[in-house]
1. Within segment 163-188, restricting attention to residues that are open to solvent by less than 60 Å² (accessible area, probe 1.4 Å) and polar (S, T, N, Q), which residue is farthest from the chain's Cα centre (by Cα)?
2. Within segment 115-126, which residues are open to solvent by 50 Å² or more (accessible area, probe 1.4 Å) and either of a type in the set (Lys, Arg) or in a helix (DSSP H, G or I) (or both)?
3. Give the residue that is least open to solvent (accessible area, probe 1.4 Å), with candidates limited to residues of segment 218-258 that are charged (D, E, K, R) and at pLDDT 85 or above.
4. Identify, please: which residue in segment 127-154 is surrounded by 16 or more Cβ atoms within 10 Å (Cβ to Cβ) and part of a loop (DSSP other than H, G, I, E, B) and is, among those, farthest from the chain's Cα centre (by Cα)?
5. Scan segment 276-291 for residues that are open to solvent by 20 Å² or more (accessible area, probe 1.4 Å) and either small (Gly, Ala, Ser) or within 21 Å of the chain's Cα centre (by Cα) (or both) and jot them down.
6. Is it fair to say Thr100 is surrounded by 14 or more Cβ atoms within 10 Å (Cβ to Cβ), of a type in the set (Ser, Thr, Tyr) and out of contact with any Gly (no Cβ under 8 Å at 6 or more places or on another chain)?
7. What single numbered condition from (1) over 20 Å from Ala51 (Cα atoms); (2) of a type in the set (Gly, Ala, Ser); (3) within 22 Å of the chain's Cα centre (by Cα) fails to hold for Gly257?
8. Tell me whether segment 207-217 contains one or more residues that are open to solvent by 70 Å² or more (accessible area, probe 1.4 Å) and modelled with pLDDT of 85 or more.
Amino acid sequence: MENATKCIDVEKEKMISRKKRERKKNVVAYSFITPNFIGFAVFTLVPILFAFLLAFMEWDGSNQPTWAGTSNFQSVFSDSLFWKSIEHTIIYCIGTVPITMLLSLLLAIVLNQKVKGRAFFRTISFFPYVGSLVAITAVWTMIFNPTKGPVNAILYYVFHVANDNLPNWFAGKLVMVSYIMFSVWKYMGYYMVIYLAGLQNVNTELYEAASLDGANIFQKFRYVTLPQLRPTTFFVVVMLTINCFKIYDIAIMLAGGGDNKLGSSATVLVYYIYQNAFQFWKLGKSSAAALALFALVLIVTMIQFKGEERFAND
């Protein structure tokens, strides 16, 4: 009986000691998490929750906010510029995502081969992504300057395009083309690196088996490389889509001019949100537009996840 009691006491002491160790580990873990969580809560979580609340209020940033119900959403959805900005953003996404993904993949495949200067070309391809946005947009605007840029000079002197017919790359219908070209050039190096990482995980034995079966280079790419890169491609598509919906700085730097104001043909959704918030001081309407952007991105992302899940099951 005494031995049984001693055994029970020993087990209790072990359990208490184990709980103390777990509690100590939890304290240490939370001590590392807490500073980051405080920063996240103050600068991200609270503003997001406030934006949700502000979407149903009328506030100009100085006077007392008042409850507005759904009037902000009615104002946003009845604004033609809002729908125009969504149209431009979607056009930009449709143009940027597939081109960037395709060029990044092709570039990764080429630079994954054993060629001379591979490290140099990888660095050069990645440089636009790490370069200063202000600097590279300044260069880009000089290259495509309507009156002094070398692109229009080539069109004028080589292809004999009339001076009145030379394109203005940062206004009218061509502004979306400029957004897409610049974004593809800037970001394809980053996604090339992601594809390079994915190519490192492709099983080389599958290529050997395909060679034994008489597969050519295109068949290897279609039946070996692409299926192995499906998770990487899905990640690239989701990240590219989300980033495209957030376009703002590129639009301002390319088409903003000296006053950083976009015309109706160059307006994108995030600029529309900024304009209502910090130019018109309609913070409630701006928050309602931000919620519309959130819903749009959420729907598109869910569709992508559902599509990937269905494709994986097939």
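The values are calculated or read from the model by the stated rules, or taken from the named source; none is laboratory data. The model shown is predicted, which means the values in this text are computed figures rather than measured ones. Glycine also receives a Cβ, built like all others from the backbone with ideal geometry; neighbour counts cover every protein chain displayed. These area figures cover heavy atoms from the full protein model, side chains too; ligands, DNA and RNA do not enter into them. Shrake-Rupley method; radii C 1.70, N 1.55, O 1.52, S 1.80 Å.
1. Ser178
2. Just the residues of segment 115-126 that are open to solvent by 50 Å² or more (accessible area, probe 1.4 Å), to begin with: 115-116, 118-124, 126.
Lys116, Arg118, Ala119, Phe120, Phe121, Arg122, Thr123, Ile124, Phe126, listed by residue number.
3. Here is the first cut: in segment 218-258, the ones charged (D, E, K, R) are 220, 222, 230, 246, 249.
Checking the rest, the ones that are also at pLDDT 85 or above come to 230, 246, 249.
Numbers: Arg230: 85, Lys246: 118, Asp249: 70 Å².
Among those that are charged (D, E, K, R) and at pLDDT 85 or above, it is Asp249.
4. Among those residues, the one meeting the criterion is Gly149.
5. Scanning segment 276-291 gives Ala290, Leu291.
6. Values: surrounded by 14 or more Cβ atoms within 10 Å (Cβ to Cβ): yes; of a type in the set (Ser, Thr, Tyr): yes; out of contact with any Gly (no Cβ under 8 Å at 6 or more places or on another chain): yes.
Taking the combined requirement at face value, the residue satisfies it.
7. Among (1) over 20 Å from Ala51 (Cα atoms); (2) of a type in the set (Gly, Ala, Ser); (3) within 22 Å of the chain's Cα centre (by Cα), Gly257 violates only (3).
8. In the first step, residues of segment 207-217 are kept if they are open to solvent by 70 Å² or more (accessible area, probe 1.4 Å); the result is 208, 212-213, 216-217.
Checking the rest, the ones that are also modelled with pLDDT of 85 or more come to none.
No, the conditions are met nowhere in segment 207-217.
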